[in-house]
Amino acid sequence: MTKRAKQYSSEEKTKVAIEAIKAELTIAQISSKYGVHATQINKWKQEALQSMVAGFKSKSKAPDNTKDELIKNLYEQIGQLTVERDWIKKKSSLFVV
């Protein structure tokens with residue numbers, strides 16, 4: 001009979017990683033408290049820190065890029081509508097008697 005590794009939910013991983021980041025308890029104390037190996041705790045801690053850094057990077061850059069792209073698309077749309085309006089005005093004057 002083989003022993004299966006315990007599957008932890010993302011909430012459990014987050015809770016353990018936050019405690020490791022806070023450093024109020026040692027890794028050994030956190031390990032015994034949650035029954036998770038110290039190596040795994042360190043891995044979750046590093047993943048959490050990387051995710052936070054990536055979250056801040058994408059958060060600060062994405063709105064600027066999407067905002068600039070949105071403005072560009074809106075100006076293109078305004079230009080297209082202006083050309084269409086002018087064409088309709090020109091063609092409609094031909095039908096006026």
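Below are the figures for this structure:
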quantity: Selection from region 10-38 of residues that are within 16 Å of Ser51 (Cβ to Cβ) and among the polar types (S, T, N, Q); calculated: Ser10, Thr14
quantity: Top-ranked residue in region 5-21 [being basic (Lys, Arg) and assigned to a helix (DSSP H, G or I); ranked as farthest from Thr39 (Cα to Cα)]; calculated: Lys15
quantity: Hey, Lys67 loosely packed, with under 10 Cβ neighbours inside 10 Å and farther than 24 Å from Gln7 by Cβ or not; calculated: no
quantity: Residue match in region 22-32 (condition: of a type in the set (Val, Ile, Thr), assigned to a helix (DSSP H, G or I), surrounded by 12 or more Cβ atoms within 10 Å (Cβ to Cβ) and free of Cβ contacts under 8 Å to residues at least 24 places away in the same chain); calculated: yes
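Coordinate-derived values only; no laboratory data. All values reported here derive from a predicted model rather than from experimental measurement. Virtual Cβ from ideal backbone geometry, glycine too; neighbours counted across all protein chains shown.
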